[in-house]
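**Q** Take a look at the following structure, please.
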Amino acid sequence: MRSVAATIALLLSTAPAFAAAGFVYNGTITSVRDGDTFLLDGLPIRLKGVAAPESREPMGRESTANLRTLVGQRVACILTGEVSYDRMVGWCSLIGADLGDMQIAAGLARRCPSFDPMHRYPESPGSTLPLPPYCTRP
């Protein structure tokens, strides 16, 4: 079995190829870091265009807990080829339900305009969650 570091290195070495093709990575959610980051068979994945509060921020624990209910579920992620820190970035779904949409609809995350230029995610009306500064960069 390949280590997580070896898997990331392999994906990064082929980034232009899978980014252009919309590389799909299927796997099982093995753990959750926060409301927009989880491990898929040990590979860190960051939801594209979604901003969930950090665990120390208001609603951060609830956001993480909501995503954590999916541990053990099989999901498919369309990776973009982008890397954010140690995480691959992508749009992920569970049986056709987009995980970003699920978090936003539950009021546990917000659309991040700087990283969602095509407005894939609608903003939740009346959301009181703060929008991180990195989401408002032009």
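The values are calculated or read from the model by the stated rules, or taken from the named source; none is laboratory data. Computed from a predicted model, the values in this text were never measured in an experiment.
**Q** Taking the options I78, I29, name whichever one is among the β-branched types (V, I, T) and modelled with pLDDT of 95 or more. It would help to see each step written out before you state the result.
**A** On the way: I78 fails: modelled with pLDDT of 95 or more.
Just a single option satisfies the conditions, and that option is I29.
**Q** Now for a different question. If I ask for residues that are more than 18 Å from G22 (Cα to Cα) and assigned to a strand (DSSP E or B), which ones from region 54-96 would you list?
**A** R74
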